[in-house]
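Structure, as structure tokens:
The values are calculated or read from the model by the stated rules, or taken from the named source; none is laboratory data. Quantities reported herein were computed from a predicted structural model and do not represent experimental measurements. With ideal geometry, Cβ positions are generated from the backbone for all residues, glycine too; neighbour counts draw on all protein chains shown. Heavy atoms of the whole protein, side chains included, go into the accessibility calculation; ligands, DNA and RNA do not. Shrake-Rupley method; radii C 1.70, N 1.55, O 1.52, S 1.80 Å.
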Amino acid sequence: MSDLYSQVVNSRIGGLVASNVGLPQPVELDRFVEGAPVIRGEVLLGAAPGGRLSAPLAGVLVSIGAAVRTELEGDVRAAVGETGIDASVWNPDAAGDQHFKALVFDASGIGDSTQLRQLWEFFGPTIRRVETSGRVVVLGTAPEDCPTPRAATAQRALEGFVRSVGKEVRRGACAQLVYVAPGAEEQLESTLRFLLSPRSAYVSGQVVRIGPSERRPEIDWERPLGGKVALVTGASRGIGAEVARVLARDGAHVVGLDIRPLEPDLDRLMGEIGGSSIAVDITTVEAPKLIADHHAAEHGGVDIVVHNAGVTKDKTLGRMDEERWQVLMEINLSSEERINDELVERNLLRADGRVICVSSISGIAGNAGQTNYATSKAGVIGMVQSMAPVFAERQATINAVAPGFIETAMTAAMPIATREAGRRMNSLNQGGLPLDVGEAIAWFASPRSAGVNGNVVRVCGQSLIGA
Amino acid sequence: MNAKTRPVAILAGNRIPFARSNGAYAKASNQDMFTAALDGLVERAGLSGQRLGEVAAGAVLKHSRDFNLTRECVLGSKLSHETPAYDIGQACGTGLEAAILAANKIALGQQDSAIAGGVDTTSDAPIALNDDLREILLELNNARCTTDRLKAVAKLRPGQIVPEIPRNAEPRTGLSMGEHTATMAKEWGVTRLEQDELAAASHRNLAAAYDRGFMDDLLTAYLGLERDQNLRADSTVEKLAKLRPVFGGEDGTMTAGNSTPLSDGASAVLLASDEWTKAHGHTPLAYFTDAETAAVDYVGKKEGLLMAPAYAVPRMLARNKLTLQDFDLYEIHEAFAAQVLCTLKAWEDPVFCKQRLGLDKPLGVIDRAKLNVNGGSLAAAHPFAATGGRIVAGLAKALDERGGGRGLISICAAGGQGVVAIVERNATTPRGSKR
């Protein structure tokens, strides 16, 4: 997993050379540290006039104990005053050497394209004041939830803004857009915590939709998954192993699943994180029943299901044999559908249940030699979107992560040219870590992510490939 | 003990023009200057040979020999030598605090008349002996035989000649007041332009006050100085914009133009009961109604060093059931333009007012046309303890001139302190036992 290039450009001489010849300069990204504050630095909070998210945003910032700044005048300041934050003042005309760890802007008040100017006014003087591993979060209303075509147009425009900001901000900073449905204001916290914290180190240029939900359980934010049972398929190695570690770190009891030949690795890991193992081949006919029976017997149900197991079997379409197509489709997609159905039918997925799938950039953008893989991963997106209403009825959610270039044994085995292209062709100029995928999954898994349903969020450092 | 209080009239004031440090008063002592200010007031108010209730005054920078400075000044003045006097000290709040103390005694019926004031010199500063040298000299003084004396003398070292010079720095932070204020300016997002505008207005207003004769009966010429030496009648925002920052580093917004310079001067104000006023044929200019002091924890809680008036004023307003807008004139001491602007911003800020003052809504905006209408410390300069007397007398006269109204005084002081007061044209019984 060693990224030699990153090591070189982060040395003094290497950095000098890289900056002079215009090579990409990846920085070491901030990542989760046990016991550290959610955000290490000041948050600048702003809003377009008439927005509805200032108060809920301020509420979240109080909850995470963030140091906040706002402009002295305007609704945001009043909202912040009400919630109990002793916020400092930001005045772009007396900027000095002020820097921010995060810029958070409530754009929900923008009801017309002429008001998009508010973005320029807020971010113009501040965007170059974002610190290393900083965050830009814009919040708005999804076009489909807007009352007028003009409002929907302006709100849709935010996507282009945020994606461009993601490409402009440097030094490990990330930019996201969060569409908050009317009535979903109280569902913001888990998402904002994730996006402001180092947990979202490799997530950038993403659009997250938050919908209303009646579920809002009180949780211990230090151990958000305390008391939860989480099934992770393909948990013995790579991304799956790291997902298991993160969920266990956040308090879950992990049931690791993998095929029998990998059982020794699986058992070792589960021993390490206090989980338990089941050796099942998910493509078999009896697998859904075996898994359901196990959870019913051992845990009385399941709270979190992470469909991580997946394979690639690359070949151009004309040369692809049936096995490559069919086995892959079974593992990557069909088995997941069957397992979901079994758990739902037998009512084993508990309230606040979370199903989290792993899609891929290939599933979004397509990839030569991966018709089978891309089909399965696009199918995963289809499953998330089609099943979201079904799960919502059961007070559960289904979402997917779509990893980009993640540093694993698989990517380490790539030819150097392909590998370097994959690593550098994203806004952060580096590959992500399996940890980064785990963090995104843990965010979806949180009992407080009840409003996050039917989302596909890429963990790709804003890869140039895909939307 | 008298349970009822009575109004305290402000009858007259006098000061000497303020001089820049090592300027016109380079050779004058605190005693010289305050005696001159007193005698000017004695002459103006016809107090020659009269015994007053007391003279309360102080100096921030004081020589050890001046342990009884105010009393010595009285003895050197034309007042009856039977007028008692005492020194007080509350940094830059000294002058106003002296007025509060004197006024309270009048309000309670403990005295009928008093002079309150203050003086400071940064030219004739009290340079002290090196602490090591001081200890050796004390030992020498205490020695009883030649051997002991020789032992003490043998401890003398050349380095001990370096004296202790008073510094304009907070002992607990080591930061100068200017650096503290630069932090506040940054915290509140105060711009360079706002500060320079305030400074230019200060000079403009003071120059206009001189020109229309407003200062004539507030001031007595001294050592050839007829106007404040620091006053630049032709000061403009454009000229001020050319100055380099002196506090807050490269990006700093504070300059010599929008900060007060070190200076020398003295002031005195005559206060009295209505009975005394009538009996001595005076007419009150205005009345000293109420006062409040506050302090902030600039060390532990990191509140801005000069933010205490922002806390003192709302407490005083609440007690008097007044809003910040219920004033016709505001005298906010311009220690630094940024201090005034931070204070005004704090009062407008819903967050500060809720979180730190515990108020439901902000105190709000003041009409800037009513602020320091006859100039402030940026133009007149700020000989620390002399500023309170300058402001009390000037505000009383301004209220008298407009024939009525209410004025607010706000003075910040070192050590994170603030002294504020209300002055009204019409007689009001000061708050006290009826609270």
*May I ask you to verify whether residue B:151 is free of Cβ contacts under 8 Å to residues at least 60 places away in the same chain and in contact with an Asp or Glu (Cβ under 9 Å, 6 or more places away or on another chain)?*
yes
*asked:* Name the single residue that is surrounded by the most Cβ atoms within 10 Å (Cβ to Cβ) among those in region B:137-164 being of a type in the set (Val, Ile, Thr) and at pLDDT below 85.
replied: B:153
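Do you know which residues across region B:242-252 are loosely packed, with under 13 Cβ neighbours inside 10 Å, within 14 Å of chain A (Cβ to nearest Cβ) and either in contact with a Ser or Thr (Cβ under 7 Å, 6 or more places away or on another chain) or acidic (Asp, Glu) (or both)?
So the first thing to find is which residues in region B:242-252 are loosely packed, with under 13 Cβ neighbours inside 10 Å, and the list is B:242, B:244, B:249-250.
Still in the running and within 14 Å of chain A (Cβ to nearest Cβ): B:249-250.
Hit for region B:242-252 is B:250, nothing else.
Test residue B:267 against the criterion of being in a strand (DSSP E or B) and either free of Cβ contacts under 8 Å to residues at least 60 places away in the same chain or away from chain A (no Cβ under 14 Å) (or both), and give yes or no. Explain how you work it out, then say what you get.
Numbers: in a strand (DSSP E or B): yes; either free of Cβ contacts under 8 Å to residues at least 60 places away in the same chain or away from chain A (no Cβ under 14 Å) (or both): yes.
Yes; evaluated as a whole, the condition is true for this residue.
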*asked:* Quick test of your reading of the structure: residue B:310 fulfils all but one of (1) open to solvent by 10 Å² or more (accessible area, probe 1.4 Å); (2) within 14 Å of chain A (Cβ to nearest Cβ). Name the failing condition by number.
replied: (1)
*State the number of residues belonging to region A:196-225 that are assigned to a helix (DSSP H, G or I) and crowded, with 24+ Cβ neighbours inside 10 Å.*
2
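If I filter region B:290-301 for residues that are closer than 27 Å to residue B:196 by Cβ, out of contact with any Phe, Trp or Tyr (no Cβ under 6 Å at 6 or more places or on another chain) and in contact (Cβ under 8 Å) with a residue 12 or more places away in the chain, do I get at least one hit? Quick ask: steps written out before the conclusion?
Step one: of region B:290-301, the residues closer than 27 Å to residue B:196 by Cβ are B:296, B:298.
With the extra rule that they be out of contact with any Phe, Trp or Tyr (no Cβ under 6 Å at 6 or more places or on another chain), the set shrinks to B:296, B:298.
Then drop every residue that is not in contact (Cβ under 8 Å) with a residue 12 or more places away in the chain, which leaves B:296, B:298.
Checked region B:290-301: at least one residue is closer than 27 Å to residue B:196 by Cβ, out of contact with any Phe, Trp or Tyr (no Cβ under 6 Å at 6 or more places or on another chain) and in contact (Cβ under 8 Å) with a residue 12 or more places away in the chain.
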*Being touching a residue at least 60 places away in the same chain (Cβ under 8 Å) and open to solvent by less than 90 Å² (accessible area, probe 1.4 Å) is the filter here, so list the residues in region B:165-174 that pass it.*
B:166, B:168, B:170, B:173
*Which condition does residue A:173 not pass, out of (1) open to solvent by 10 Å² or more (accessible area, probe 1.4 Å); (2) touching a strand residue (DSSP E or B) at 6+ places or on another chain (Cβ under 7 Å), if it passes all the others?*
(1)
*Got a sec? Which of B:301, B:239 is within 14 Å of chain A (Cβ to nearest Cβ) and either open to solvent by 70 Å² or more (accessible area, probe 1.4 Å) or modelled with pLDDT of 95 or more (or both)?*
B:301
*Using beta carbons and a limit of 6 Å, which pairs, at least six apart or on different chains, have the first residue in region A:147-160 and of a type outside the set (Val, Ile, Thr) and the second one surrounded by fewer than 17 Cβ atoms within 10 Å (Cβ to Cβ)?*
A:150/A:112; A:154/A:112; A:154/A:113
*Here are some conditions: (1) more than 20 Å from the chain's Cα centre (by Cα); (2) within 14 Å of chain A (Cβ to nearest Cβ). Residue B:279 meets all but one. Which one does it not meet?*
(2)
*Which pairs have Cβ atoms under 9 Å, sit 6 or more apart or on different chains, and link a residue in region B:104-116 that is farther than 18 Å from residue B:391 by Cβ to one that is part of a strand (DSSP E or B) and among the polar types (S, T, N, Q)?*
B:106/B:113
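From the list A:298, A:336, which residue is crowded, with 17+ Cβ neighbours inside 10 Å, within 22 Å of residue A:236 (Cα to Cα) and among the acidic types (Asp, Glu)?
On the way: A:298 fails: crowded, with 17+ Cβ neighbours inside 10 Å.
A:336 is the lone residue from the list that is crowded, with 17+ Cβ neighbours inside 10 Å, within 22 Å of residue A:236 (Cα to Cα) and among the acidic types (Asp, Glu).
Please pick out the residue among A:331, A:361 that is among the aliphatic types (A, V, I, L, M), farther than 30 Å from residue A:218 by Cβ, in the same structural domain as residue A:378 (by TED's automatic domain parsing) and modelled with pLDDT under 95. So that I can check it myself, show each step before the final result.
Working: A:331 fails: modelled with pLDDT under 95.
Checking each option against the conditions leaves just A:361.
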*Could you please tell me which pairs satisfy a Cβ distance under 9 Å, a separation of 6+ or placement on different chains, a first residue in region B:356-379 that is within 11 Å of chain A (Cβ to nearest Cβ), and a second residue that is surrounded by fewer than 16 Cβ atoms within 10 Å (Cβ to Cβ) and at pLDDT below 95?*
B:356/A:86
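Quick one: is residue A:18 over 28 Å from the mean Cα position of the chain (by Cα), open to solvent by less than 20 Å² (accessible area, probe 1.4 Å) and either closer than 30 Å to residue B:363 by Cα or free of Cβ contacts under 8 Å to residues at least 60 places away in the same chain (or both)?
Details: over 28 Å from the mean Cα position of the chain (by Cα): yes; open to solvent by less than 20 Å² (accessible area, probe 1.4 Å): yes; either closer than 30 Å to residue B:363 by Cα or free of Cβ contacts under 8 Å to residues at least 60 places away in the same chain (or both): yes.
Taking the combined requirement at face value, the residue satisfies it.
Of all residues in region A:18-40, which are of a type outside the set (Lys, Arg) and more than 22 Å from residue A:167 (Cα to Cα)?
Kept after step one, since they are of a type outside the set (Lys, Arg), are these residues of region A:18-40: A:18-30, A:32-39.
Within region A:18-40, A:32, A:33, A:34, A:35, A:36, A:37, A:38 qualify.
In this structure, is residue A:269 closer than 23 Å to residue A:391 by Cα, assigned to a helix (DSSP H, G or I) and in the same structural domain as residue A:352 (by TED's automatic domain parsing)? Walk me through it before giving the result.
Working: closer than 23 Å to residue A:391 by Cα: no; assigned to a helix (DSSP H, G or I): yes; in the same structural domain as residue A:352 (by TED's automatic domain parsing): yes.
Answer is no for this residue.
Which count do you get for residues in region B:199-215 that are touching a helix residue (DSSP H, G or I) at 6+ places or on another chain (Cβ under 9 Å) and either within 22 Å of residue B:401 (Cα to Cα) or within 14 Å of chain A (Cβ to nearest Cβ) (or both)?
Narrowing region B:199-215 to residues touching a helix residue (DSSP H, G or I) at 6+ places or on another chain (Cβ under 9 Å): B:199-207, B:209, B:214-215.
Narrowing the set further to residues that are either within 22 Å of residue B:401 (Cα to Cα) or within 14 Å of chain A (Cβ to nearest Cβ) (or both) leaves B:201-207, B:209, B:214-215.
Adding up the residues that qualify gives 10.
Table: residues versus (1) in a strand (DSSP E or B); (2) among the polar types (S, T, N, Q).
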residue: B:5; (1), (2): no, yes
residue: B:27; (1), (2): no, no
residue: B:31; (1), (2): no, yes
residue: B:55; (1), (2): yes, no
*Just a yes or no: is a residue in region A:273-284 in contact with a helix residue (DSSP H, G or I) (Cβ under 6 Å, 6 or more places away or on another chain), closer than 30 Å to residue A:186 by Cβ and not acidic (Asp, Glu)?*
no
*Consider residue B:99 carefully, then state whether it is in a helix (DSSP H, G or I), within 14 Å of chain A (Cβ to nearest Cβ) and touching a residue at least 24 places away in the same chain (Cβ under 8 Å).*
no
*asked:* Quick check on region A:407-445: of everything there that is modelled with pLDDT of 95 or more and β-branched (Val, Ile, Thr), which residue is nearest to residue A:23 (Cα to Cα)?
replied: A:437
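Take the conditions among the β-branched types (Val, Ile, Thr), under 20 Å from the mean Cα position of the chain (by Cα) and within 29 Å of residue B:279 (Cβ to Cβ) and apply them to residue B:100. Does it pass? It would help to see each step written out before you state the result.
Details: among the β-branched types (Val, Ile, Thr): yes; under 20 Å from the mean Cα position of the chain (by Cα): yes; within 29 Å of residue B:279 (Cβ to Cβ): yes.
Here the answer is yes, as residue B:100 does meet what is asked.
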